[in-house]
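Undergrad: What follows is a single structure, and I will ask about it in a moment.
The values are calculated or read from the model by the stated rules, or taken from the named source; none is laboratory data. Every value quoted in this text rests on a predicted model; they were computed, and no experiment measured them. Neighbour counts run over all protein chains shown; Cβ positions are idealised from the backbone, glycine included.
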């Protein structure tokens, strides 16, 4: 898509960077040059952080998105006989049999703390020049980077619970002890509430100088995420059975806890649920609304969406962000017909198809917006798979692993594939695609507000039905928490938040159609872990990390 470059964005490009979000390390140029102008300061303290942020969340396969989706009930990388076994690491995630030696969690830990380090360096360098009487823009940039760091810590406290809290580039992570989960939660809250009033009130769309950057709306959305998960993120003991057993068992404790966790924002103290509702209203005041057409949010021109609150700019040329999410889901013949490559891996689970009411008269309209399924055509022609057979994705034939006597065609065609992001084969390639990656959007904010109201004992019908009306889905009355959990999957599938939602609602540890005691799995994969305590709601601290820092201790259960 054609990107409109203006203001600081254009200046950064002309200053020697090959891209707005591409890192130009300070070490390559003298410090006096690195901090000579607003443009150079931005390039050396802010743009470098954004560049690393996007690739750590999406990027290659072992990332934040991977852990949020492939440990949930919604998405799976099945062992397709000889394919996608990889020592069992993908199936181990899905079966919750993840141990301290798993490479995926170690990769995410390292990437996230690499980002923390970048943020700390930028914040400290900015502080040096602020103290020396620098211009006001230095403080503005510092608030921006602090907000990014808070969001990174939100992912870390979500994934790992007790983590080192490092806030200075002068302290090595190997020298820091773990902080309790509630302590990290409070730090993130204090950072966001301090930064939000100082963030720019502007849109992140490609029509101004804040394209792809943290603005006030993104800050409010991050705080809403913290508030909605506050009863989980403040638990220093998560293996006490209060996060297991399903919605009916978990929700009374979650609902009550949210009423008694208080956050002061914009001069007023509110409980967690009230904070979520307030943040949603503030995002509305910033001018965000539901995009009339759901699909525009993920189209090749989604940089114009009035719904997307924060995105990672990507167009396959100027803004090149590695993204293998499309690559890993499409069958090679399907991808080849589009001029791309496909790895024939990731697909939707049968459990997700049940929520979408696949192949029933009540099938959700978003089924067609979210998945490739059934016979696949490109430019009006049927795509042919191996042996001259038509390519037909079958949502009902998914398995954790397929036995040797299942025919190859069934194995390769099993599962609906991710089709949410429009594919533009004129500019997309193996790793780069012509869509901005969506981190936060307004539909999510509406559903969070609806959930907060229901947890307060109020009606969430209005917000939920605004989301459903947009896609012409039937309206609901007396919305329940189960309705909300289902709606979040229908609306937000494959957007990197399903695991977090399930933990908050109490379904993360529950068996499903796809995983249960005795489910078939590859010999290199451990059995499905039927967790009754909740210890699997937090990942283990990677073995490699414990070896580097003996002050750290392993999370309970591992």
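Undergrad: Quick one: count up the residues across region 407-419 that are free of Cβ contacts under 8 Å to residues at least 24 places away in the same chain and within 20 Å of residue 335 (Cα to Cα). Outline the logic, then answer.
TA: Filtering region 407-419 for residues free of Cβ contacts under 8 Å to residues at least 24 places away in the same chain gives 407, 410.
Next, from what is left, pick out any that are within 20 Å of residue 335 (Cα to Cα): 410.
Here the count works out to 1.
Undergrad: Residues in region 19-29: is at least one part of a helix (DSSP H, G or I) and either modelled with pLDDT of 60 or more or closer than 17 Å to residue 145 by Cα (or both)?
TA: Quick first cut of region 19-29, residues part of a helix (DSSP H, G or I) only: 26-28.
When the remaining residues are screened for being either modelled with pLDDT of 60 or more or closer than 17 Å to residue 145 by Cα (or both), the result is 26.
The answer is yes; a qualifying residue exists.
Undergrad: Looking at the structure I just gave you, is residue 404 more than 18 Å from residue 83 (Cβ to Cβ) and touching a residue at least 24 places away in the same chain (Cβ under 8 Å)? Break it down stepwise before answering.
TA: Numbers: more than 18 Å from residue 83 (Cβ to Cβ): no; touching a residue at least 24 places away in the same chain (Cβ under 8 Å): yes.
Considered against the rule, which asks whether it is more than 18 Å from residue 83 (Cβ to Cβ) and touching a residue at least 24 places away in the same chain (Cβ under 8 Å), residue 404 comes out as no.
Undergrad: Now for a separate question. Can you pull out the helices (runs of 4 or more DSSP H) entirely within region 404-490 that have at least 2 residues that are assigned by TED's automatic domain parsing to the domain that holds residue 262?
TA: Details: elements: 408-413, 442-455, 461-470.
In region 404-490, the matching helices (runs of 4 or more DSSP H) lie at 442-455, 461-470.
Undergrad: In contact (Cβ under 8 Å) with a residue 40 or more places away in the chain and either out of contact with any strand residue (DSSP E or B) (no Cβ under 6 Å at 6 or more places or on another chain) or surrounded by 21 or more Cβ atoms within 10 Å (Cβ to Cβ) (or both): which single residue out of 511, 542 fits that description?
TA: Exactly one of 511, 542 is in contact (Cβ under 8 Å) with a residue 40 or more places away in the chain and either out of contact with any strand residue (DSSP E or B) (no Cβ under 6 Å at 6 or more places or on another chain) or surrounded by 21 or more Cβ atoms within 10 Å (Cβ to Cβ) (or both), namely 542.
Undergrad: So residue 357 ticks every box in (1) in contact (Cβ under 8 Å) with a residue 40 or more places away in the chain; (2) within 23 Å of residue 499 (Cβ to Cβ) but one. Which box is left unticked?
TA: Failed condition: (1).
Undergrad: Does region 202-261 hold any residues that are over 24 Å from the mean Cα position of the chain (by Cα) and closer than 30 Å to residue 298 by Cα, and which are they?
TA: The answer is 207, 208, 209.
Undergrad: Additional query: Pick from region 135-154 the residues that are more than 27 Å from the chain's Cα centre (by Cα) and assigned to a helix (DSSP H, G or I): which of them is nearest to residue 219 (Cα to Cα)? Can you show your working first?
TA: Applying the first criterion (more than 27 Å from the chain's Cα centre (by Cα)) to region 135-154 yields 135-139.
Now narrow it down to the ones that are assigned to a helix (DSSP H, G or I): 136-139.
Details: 136: 20, 137: 18, 138: 19, 139: 16 Å.
So the residue we want is 139.
Undergrad: Could you list, in sequence order, the residues of region 155-187 that are over 19 Å from residue 197 (Cβ atoms), assigned to a helix (DSSP H, G or I) and at pLDDT 95 or above? Lay out the reasoning, then the answer.
TA: Initially, region 155-187 is screened for residues over 19 Å from residue 197 (Cβ atoms), giving 155-185.
Among the residues that remain, those that are also assigned to a helix (DSSP H, G or I) are: 155-160, 173-175, 181-185.
Within region 155-187, 155, 156, 157, 158, 159, 160, 181, 182, 183, 184, 185 qualify.
Undergrad: Scan region 363-420 for residues that are exposed (fewer than 15 other Cβ atoms within 10 Å of the Cβ), in contact with a helix residue (DSSP H, G or I) (Cβ under 9 Å, 6 or more places away or on another chain) and under 28 Å from residue 467 (Cα atoms) and jot them down.
TA: 396
Undergrad: Give 315, 303 a once-over and let me know the one that is in a helix (DSSP H, G or I), buried (at least 22 other Cβ atoms within 10 Å of the Cβ), at pLDDT below 95 and within 22 Å of the chain's Cα centre (by Cα).
TA: Numbers: 315 fails: in a helix (DSSP H, G or I).
When all the criteria are applied, what remains is 303.
Undergrad: On to the next question. For residue 132, are the conditions met, namely being on the phi < 0 side of the Ramachandran plot and under 25 Å from the mean Cα position of the chain (by Cα)? Give the derivation first.
TA: Working: on the phi < 0 side of the Ramachandran plot: yes; under 25 Å from the mean Cα position of the chain (by Cα): no.
Judged against the criteria, residue 132 is not a match.
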